[in-house]
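The values are calculated or read from the model by the stated rules, or taken from the named source; none is laboratory data. All values reported here derive from a predicted model rather than from experimental measurement. In this analysis, Cβ positions are derived from the backbone assuming ideal geometry, glycine residues included, and neighbour counts consider all displayed protein chains.
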Amino acid sequence: MPAPYRELILSVRQFWQNVLLVNPDHLNGSTRMIRTYLLTGLMVAAFIAPAVAATEYYVAKDAATKKCSVVMKKPDGKKMMDVGMMAYKTKADADKAMKASADCK
């Protein structure tokens, strides 16, 4: 391995050891701040990612009023009927599908 790459790998390894693995009493102010922000960001991302990834939209028709709407929960087939049998990633896509659907006109 060429020397510049070896030095780069060693410096990156040293950085992560300083940020994550060293006793907080031995950290200077900026390294402690980086560690705090990094760990906080990782924790926030860990809790938000599943919620963002699980967002789906459905076009549903109310069985009583016969009106269509965009809902985030899959229609049950009793009170709300599924129109199109498909989940959409964005609300805009679901709105577009609702306007194009023959059942919703």
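Taking ALA63 as the residue in question, decide whether it is among the aliphatic types (A, V, I, L, M), out of contact with any Ser or Thr (no Cβ under 8 Å at 6 or more places or on another chain), free of Cβ contacts under 8 Å to residues at least 40 places away in the same chain and crowded, with 17+ Cβ neighbours inside 10 Å. Lay out the reasoning, then the answer.
Details: among the aliphatic types (A, V, I, L, M): yes; out of contact with any Ser or Thr (no Cβ under 8 Å at 6 or more places or on another chain): yes; free of Cβ contacts under 8 Å to residues at least 40 places away in the same chain: yes; crowded, with 17+ Cβ neighbours inside 10 Å: no.
No; evaluated as a whole, the condition is false for this residue.
Yes/no matrix, rows are residues, columns are (1) modelled with pLDDT of 90 or more; (2) surrounded by 10 or more Cβ atoms within 10 Å (Cβ to Cβ); (3) in contact with a helix residue (DSSP H, G or I) (Cβ under 6 Å, 6 or more places away or on another chain); (4) assigned to a loop (DSSP other than H, G, I, E, B):
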| residue | (1), (2), (3), (4) |
| --- | --- |
| ARG32 | no, yes, no, no |
| LEU39 | no, yes, no, no |
| PRO50 | no, no, no, no |
| TYR58 | yes, yes, no, no |
| GLY77 | no, yes, no, yes |
| ASP103 | no, yes, no, no |
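Of all residues in the stretch 62-89, count the ones that are on the phi < 0 side of the Ramachandran plot and under 28 Å from the mean Cα position of the chain (by Cα). Please lay out each step first, then the result.
As a first pass, look at the stretch 62-89 and keep what is on the phi < 0 side of the Ramachandran plot: 62-65, 67-76, 78-83, 86-89.
Cutting the leftovers down to under 28 Å from the mean Cα position of the chain (by Cα) gives us 68-76, 80-83, 86-89.
Going through the stretch 62-89 one residue at a time, the tally reaches 17.
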Complete set of residues in the stretch 66-75 that are under 16 Å from LYS99 (Cα atoms), surrounded by 12 or more Cβ atoms within 10 Å (Cβ to Cβ) and not aliphatic (A, V, I, L, M): CYS68, SER69
- request: Scan the stretch 81-101 for residues that are over 12 Å from CYS68 (Cα atoms) and either assigned to a loop (DSSP other than H, G, I, E, B) or touching a Pro at 6+ places or on another chain (Cβ under 7 Å) (or both) and jot them down.
  value: MET85, MET86, ALA87, LYS89, THR90
